[in-house]
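Asks: Sharing a structure here in structure tokens format.
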Amino acid sequence: MPVRSRVKTFTMDGQDVSGHESETILEIARQNDIDIPTLCQLDGLSIIGACRLCLVEVVGWNKLVPACATYVEEGMEVVTNSERLQNYRRMIIEMLFAEGNHVCSVCVSNGNCSLQYLATKLGMDYVRYPYLNPDRTVDMSHERFVMDHNRCILCTRCVRVCDEIEGAHTWDVEGRGYKSHLITDLDIPWGDSRTCTSCGKCMNVCPTGAIVEKGKPAGEMIKRREFLGYLTKMRGVNNNE
Amino acid sequence: MTQTITIDPVTRIEGHSKITIQLGEDGSVADARFHVTQYRGFEKFIEGRPFYELPGIMGRICGICTISHELAAAQACEAIMSVRVEGTAADLRRIVNYASLLQSHALSFFYLSSPDFLLGMESDVAKRSIFGLLETHPEIVRDGVRLRSFGQKIIERMAGRRIHPTWIVAGGVSEPLDAGVRETILAELPEIKALVRRSLDWFKRAMADYHEEARVFANFPTLFMTLVDEREDVLELYRGRLRVVDSTRREILADFHRTEYQDYIGEAVEPDSYLKSPYYKPMGYPDGIYRVGPLARLNVIGKMGTPEADQELAEYRGLNHLSSFYFHYARLIECLHAVERIEDLLDKPSILNPRVRAHASANVSEGIGVTEAPRGTLIHHYEVDEQGVVTGGNLVVATTHNNLAMNRGVLQVARRYIDGENLSEGMLNRVEAVIRTFDPCLSCSTHASAQIPLRVQLLDPAGAVIEEALRG
Ligand code: FES
């Protein structure tokens with residue numbers, strides 16, 4: 001009887017690859033220099049598969065799967081960059097732009113924003129959906145940081161880093177559908193939060209200009225995310241498991 | 001029968017506008033008005049933003065005078081922070097501001113207005129543009145392009161890019177000056193000064209042919225307003241006190257700090273234009289009509305403050321200071337002044353000092369910033385809540401101050417040149433040319449080409465088109 005191997009061999013874009021069964025398609029892609037766009041995923045944080053930007057095709061499977069949240073399997077044939085996938089990815093980015101108020105030209109994160117970077121990289125030259133222009137607020141109550149809901153894409157990286165790494169769980173999501181938004185504590189102004197340690201981790205993991213340092217003018221906000229790798233390594237945590 | 005002539009759009013200006021000319025029963029001009037037909041709404045959509053984002057947002061009002069909006073916004077923010085930017089940061093801002101003045105004046109004078117002086121007000125409209133000039137006066141076109149690019153390159157070298165740089169920030173500037181950039185600019189200055197001098201020479205000769213225009217191009221008594229240096233009676237574009245003089249330019253009517261502007265400047269709203277009509281409050285509306293911009297600046301100040309520009313100022317003093325035609329001349333004198341000032345500032349040993357930025361949060365709830373934009377006094381006024389979120393804003397832009405004077409100027413020129421019986425394109429061009437002397441900046445774009453169609457309609461009192469002429 002065949003021995004069950006924990007190392008899986010399969011193909012990705014026609015290339016023979018292998019990975020441990022505890023690894024995701026995304027991890028193996030990165031090990032093999034195959035680029036799959038991601039937004040909600042961040043090494044060191046738990047996986048939620050929320051943004052769907054990393055969707056890939058597996059031949060014979062009838063639906064697309066998120067590469068960040070799908071473990072490798074023996075014999076699978078993964079396609080990471082078909083025209084259909086490119087179109088869906090562009091669509092997702094367009095919907096994110098249409099849903100919030102993203103004005104790159106005057107944004108603090110202009111030039112250092114994952115959303116903007118992906119829009120350029122995926123070739124978004126227009127948005128096919130009508131802009132919702134939602135009426136959103138800016139929370140300036142914190143001494144050092146600003147939460148600009150206009151630019152939030154609900155990736156929940158801040159929620160996860162605050163809970164999983166800092167252990168404070170100041171952030172959470174309230175509401176449903178397009179009414180979903182981030183809150184601090186039980187929906188009180190951030191500056192009044194008693195759980196927030198002002199560590200700034202949420203600000204650094206935020207992919208856009210939603211959580212930023214106070215006082216930074218257009219284009220000056222640069223996020224530093226190296227800390228996440230060091231911290232998880234030192235603590236020996238792997239939130240992916 | 002009464003008729004209305006509409007000039008829509010007005011060409012070779014920055015932005016969108018139209019002119020209507022009302023003819024009386026006998027075909028003579030009964031009234032004429034200048035309407036601004038675009039709406040921007042910046043005062044509204046800054047509400048809710050953190051105050052320190054405003055220099056970046058406000059710079060977007062205009063692609064030509066970005067620097068002026070950023071400076072006025074930054075000064076207003078600094079008032080909110082209770083910070084006063086001095087020394088190197090203020091000097092660096094001044095240099096970039098002079099560079100901005102140069103590129104803007106070059107655009108107005110060479111690109112938009114010089115075809116009128118060099119080819120004639122009545123010349124073939126298809127050729128009466130910078131492109132037509134290329135055939136007849138290529139050296140002058142080259143000078144105009146060079147001057148504009150020199151100004152823009154200083155902005156690019158010092159502030160990072162030509163249009164909408166983000167280098168001016170609340171609290172100072174984001175980068176100190178690079179020693180290499182200083183050398184490059186200094187090396188180019190003599191050539192630019194020579195360029196401005198020869199432009200002054202030919203323009204002074206050309207002015208001799210425009211006596212009639214000088215007589216009727218918005219030539220009437222008004223007050224004049226500008227910023228002046230806080231200590232001396234010299235021109236200061238970046239920051240200073242506001243001063244209003246009477247129409248003889250000899251009597252100072254008011255000299256006040258920027259925070260008091262609302263005591264002196266009222267704003268009337270007309271139903272047919274998106275441009276407000278400010279007036280000097282103590283005299284009421286519309287008697288408190290005043291002008292701002294290069295002409296007003298030269299009329300208010302005692303001295304330019306730099307030797308060569310002061311010599312030119314002495315010559316300018318011999319002219320009729322009430323005629324808006326001399327805006328053009330004043331613009332060139334200011335260019336000379338700007339070149340001299342840039343040189344002085346770059347020569348300062350402190351100019352390379354790396355301490356160019358202060359940090360603070362919102363400390364007071366209101367801030368007012370005033371600067372002299374190329375076109376005149378620019379006021380930004382913001383209110384913020386305790387946390388620094390903008391709750392309201394009011395802008396008085398250079399062109400706005402001149403609204404009453406532009407309207408009166410249009411009427412004056414229309415009365416002199418328009419004959420309802422025999423309309424000619426040259427007549428209408430003069431009506432537009434009076435607007436161009438003010439160099440209104442109605443938005444962010446230049447519509448500077450003879451290709452833009454100009455539609456003139458003659459309407460009967462019921463609004464039916466009697467006659468229509470198209471050009472372009
Ligand atoms: S990165 Fe995989 S779903 Fe967001």
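The values are calculated or read from the model by the stated rules, or taken from the named source; none is laboratory data. Worth saying up front: this structure is predicted, and the values here are computed from it rather than measured. All Cβ positions, glycine included, derive from the backbone under ideal geometry; neighbour counts span all protein chains shown. What goes into the accessible areas is simple: the full protein's heavy atoms, side chains included, and nothing from ligands, DNA or RNA. Shrake-Rupley method; radii C 1.70, N 1.55, O 1.52, S 1.80 Å.
Asks: Probe radius 1.4 Å, ligands and nucleic acids left out: can you give me the accessible area buried at the B-A interface, summed over both chains, in Å² to the nearest hundred? It would help to have the intermediate numbers written out before the result.
Replies: Details: alone 17430 and 12960 Å², together 29100 Å².
Approximately 1300 Å², summed over both chains.
Asks: Residues of segment A:66-109 with accessible area at least 40 Å² lower in the all-protein-chain context than alone (1.4 Å probe)?
Replies: SASA drop of 40 Å² or more in segment A:66-109: A:Ser105, A:Val106.
Asks: Now for a separate question. Length gain on complete extension for the stretch B:Ala360 to B:Lys281, per 0.36 nm per residue less the alpha carbon to alpha carbon distance? Each step should come with its number before you reach the end.
Replies: Numbers: separation 79, 0.36 × 79 = 28.44 nm, distance 3.50 nm.
Length gained between B:Ala360 and B:Lys281: 24.9 nm.
Asks: Take every Cα pair under 8 Å in segment A:54-168 that's 6+ residues apart, average their separations, divide by the length, and report that relative contact order as a whole percent.
Replies: On the way: 103 pairs, mean separation 23.6, N = 115.
This gives 20 percent for segment A:54-168.
Asks: Starting from the 7 Å offset along Cα-to-Cβ, what nm value, one decimal, do you get for the label separation of B:Ser424 and B:Asp124?
Replies: Once both label points are built, they end up 1.7 nm from each other.
Asks: Another question, then. Can you tell me how much longer the chain between B:Glu139 and B:Ala268 gets when fully stretched, taken as 0.36 nm per residue apart minus their C-alpha distance, in nm with one decimal? Intermediate values should be presented prior to the final figure.
Replies: Numbers: separation 129, 0.36 × 129 = 46.44 nm, distance 4.45 nm.
Length gained between B:Glu139 and B:Ala268: 42.0 nm.
Asks: Ok, one more. With just the Cα atoms defining each centre, how far is segment B:83-158 from segment B:333-397? Give it in Å.
Replies: Measuring centre to centre over Cα atoms gives 22 Å.
Asks: Relative to a virtual label point 7 Å from the Cα of A:Leu231 in the Cα→beta-carbon direction, which members of segment A:11-50 show backbone nitrogen distances below 13 Å?
Replies: Those under the cut-off are A:43-46.
Asks: Next up: So what's segment A:86-215 giving for Rg/Rh, alpha carbon basis, Kirkwood Rh from the mean inverse pair distance?
Replies: Values: Rg = 14.8 Å, Rh = 15.2 Å.
The Rg/Rh ratio comes out at 0.97.
Asks: Also: Normalise the Debye intensity by I(0) for segment B:127-273, one equal point scatterer per Cα, no solvent, then take log10 at q = 0.19, 0.21, 0.22 Å⁻¹ and round to two decimals.
Replies: One equal scatterer on each Cα of segment B:127-273 leads to -1.20, -1.20, -1.22.
Asks: Round to a whole angstrom and tell me the spacing of the C-alpha centers of segment A:158-179 and segment B:168-193.
Replies: Taking the Cα centre of each part, segment A:158-179 and segment B:168-193 sit 46 Å apart.
Asks: Moving to a separate point now. Mind putting a number on the dipole of segment B:202-252 about its Cα centre? Charges go on the C-beta only, +1 for Lys and Arg and -1 for Asp and Glu, and I need it in Debye to the nearest 20.
Replies: Result for segment B:202-252 is approximately 40 debye, rounded to the nearest 20.
Asks: Moving to a separate point now. Only sites in a loop by DSSP and with at most 11 other Cβ atoms within 10 Å count here; which trypsin sites (Lys or Arg not before Pro) in segment A:61-119 make the cut?
Replies: Values: sites: A:Lys63, A:Arg84, A:Arg89, A:Arg90; in loops: A:Lys63.
Within segment A:61-119, the qualifying trypsin sites (Lys or Arg not before Pro) (loop, at most 11 other Cβ atoms within 10 Å) are A:Lys63.
Asks: Placing unit charges on C-beta atoms (Lys and Arg positive, Asp and Glu negative, everything else neutral), compute the dipole magnitude of segment A:7-81 about its Cα centre in debye, rounded to 20.
Replies: So the dipole magnitude of segment A:7-81 works out to roughly 320 debye.
Asks: How much of the accessible area of the protein assembly as shown, in percent, comes from carbon and sulfur atoms when a 1.4 Å probe is used?
Replies: Working: 14410 of 29100 Å².
About 49 percent, which is the carbon plus sulfur part of the accessible surface.
Asks: Can I ask one more? If you place +1 on the Cβ of every Lys and Arg, -1 on the Cβ of every Asp and Glu, and leave all else neutral, what size is the dipole of the protein assembly as shown about its Cα centre, to the nearest 20 Debye?
Replies: Values: 79 positive and 96 negative charges, 151 e Å.
Taking the Cα centre of the protein assembly as shown as origin, the dipole is about 720 debye.
Asks: Against the 2.2 N^0.38 Å scaling, with N counting residues, where does segment B:46-205 land? I'd like the Cα-based Rg ratio to two decimal places. Let's see the in-between values first.
Replies: Details: Rg = 18.3 Å, N = 160, 2.2 N^0.38 = 15.1 Å.
It is 1.21.
Asks: Take the Cα gyration tensor of chain A, multiply each eigenvalue by 5, square-root it, and list the three semi-axes largest first, rounded to whole angstrom. Don't jump to the answer; show the numbers that get you there.
Replies: Details: eigenvalues 220, 101, 45 Å².
So the equivalent ellipsoid measures 33, 22, 15 Å along its semi-axes.
Asks: Now for a separate question. Taking segment B:336-405, which GluC sites (Glu not before Pro) meet the DSSP loop condition and have no more than 12 other C-beta atoms within 10 Å?
Replies: Numbers: sites: B:Glu340, B:Glu343, B:Glu366, B:Glu372, B:Glu383, B:Glu386; in loops: B:Glu386.
Taking segment B:336-405 and a limit of 12 other Cβ atoms within 10 Å, the loop GluC sites (Glu not before Pro) found are B:Glu386.
Asks: Another question, if that's okay. Whose amide H sits under 5 Å from the amide H of A:Lys214, counting only residues 5 or more places off or on another chain, with H placed in the peptide plane?
Replies: Amide H neighbours of A:Lys214, under 5 Å, 5+ apart: A:Phe145, A:Val146.
Asks: What is the Å³ per residue value for the convex hull set by the Cα atoms of the protein assembly as shown? Could you put the intermediate results ahead of the total?
Replies: Details: hull volume 143.8 nm³, N = 713.
Per-residue hull volume (Cα only) is 202 Å³.
Asks: Give me the three principal axis extents of segment A:7-81 from the C-alpha atoms, as integers in angstrom, largest value leading.
Replies: Ordered largest first, segment A:7-81 gives principal extents of 27, 24, 19 Å.
Asks: Which one, B:His321, B:Ser277, B:Leu336, is farthest towards the positive end of the dipole of segment B:262-352 when Lys and Arg carry +1 and Asp and Glu -1 on their Cβ?
Replies: The listed residue farthest towards the positive side: B:Ser277.
Asks: Could you grab the relative contact order for chain B? Cα pairs under 8 Å, six or more apart, rounded to a whole percent. The partial results should precede the final answer.
Replies: Details: 1007 pairs, mean separation 134.2, N = 472.
This gives 28 percent for chain B.
Asks: Per residue, how much accessible area does chain B show when a 1.4 Å probe rolls over the protein heavy atoms, in square angstrom? Could you put the intermediate results ahead of the total?
Replies: Values: 16780 Å² over 472 residues.
With the other protein chains kept in place, chain B gives 36 Å² per residue.
Asks: Still on this model: Would you calculate the volume per residue, in Å³, of the smallest convex hull containing every Cα atom of chain B?
Replies: Working: hull volume 62.2 nm³, N = 472.
Each residue corresponds to 132 Å³ of Cα convex hull volume.
Asks: To make sure I understand the rule: partners must be lysines, Cα under 22 Å from the Cα of B:Lys204, and not fewer than 8 residues away in the same chain. Which ones qualify?
Replies: Within the straight-line cut-off, B:Lys204 pairs with B:Lys193, B:Lys303.
Asks: State in Å² the accessible area per residue of segment A:7-81; use a 1.4 Å probe, count heavy atoms of protein chains only, and round to the nearest integer. Before the final figure, lay out each step's value.
Replies: Numbers: 3370 Å² over 75 residues.
Per-residue value: 45 Å².
Asks: Something else now. For the protein assembly as shown, what does the helix formula give at 222 nm: sum of -39500 (n - 2.57) over DSSP H segments with n ≥ 4, over the residue count, nearest 500 deg cm²/dmol?
Replies: Details: 22 runs with 241 residues, N = 713.
Result for the protein assembly as shown, helices only: -10000 deg cm²/dmol.
Asks: With Rg and the Kirkwood Rh both taken from Cα atoms, where does Rg over Rh land for segment B:35-138?
Replies: Numbers: Rg = 19.1 Å, Rh = 16.7 Å.
The Rg/Rh ratio comes out at 1.15.
Asks: Let me ask another. Starting from the 7 Å offset along Cα-to-Cβ, what nm value, one decimal, do you get for the label separation of B:Lys44 and A:Val3?
Replies: The modelled label-to-label distance comes out at 7.4 nm.
Asks: Can you give the relative contact order of segment A:7-81 as a percent, counting alpha carbon pairs under 8 Å and 6+ residues apart? If you can, show how the numbers build up before the last one.
Replies: Numbers: 141 pairs, mean separation 30.9, N = 75.
The value is 41 percent.
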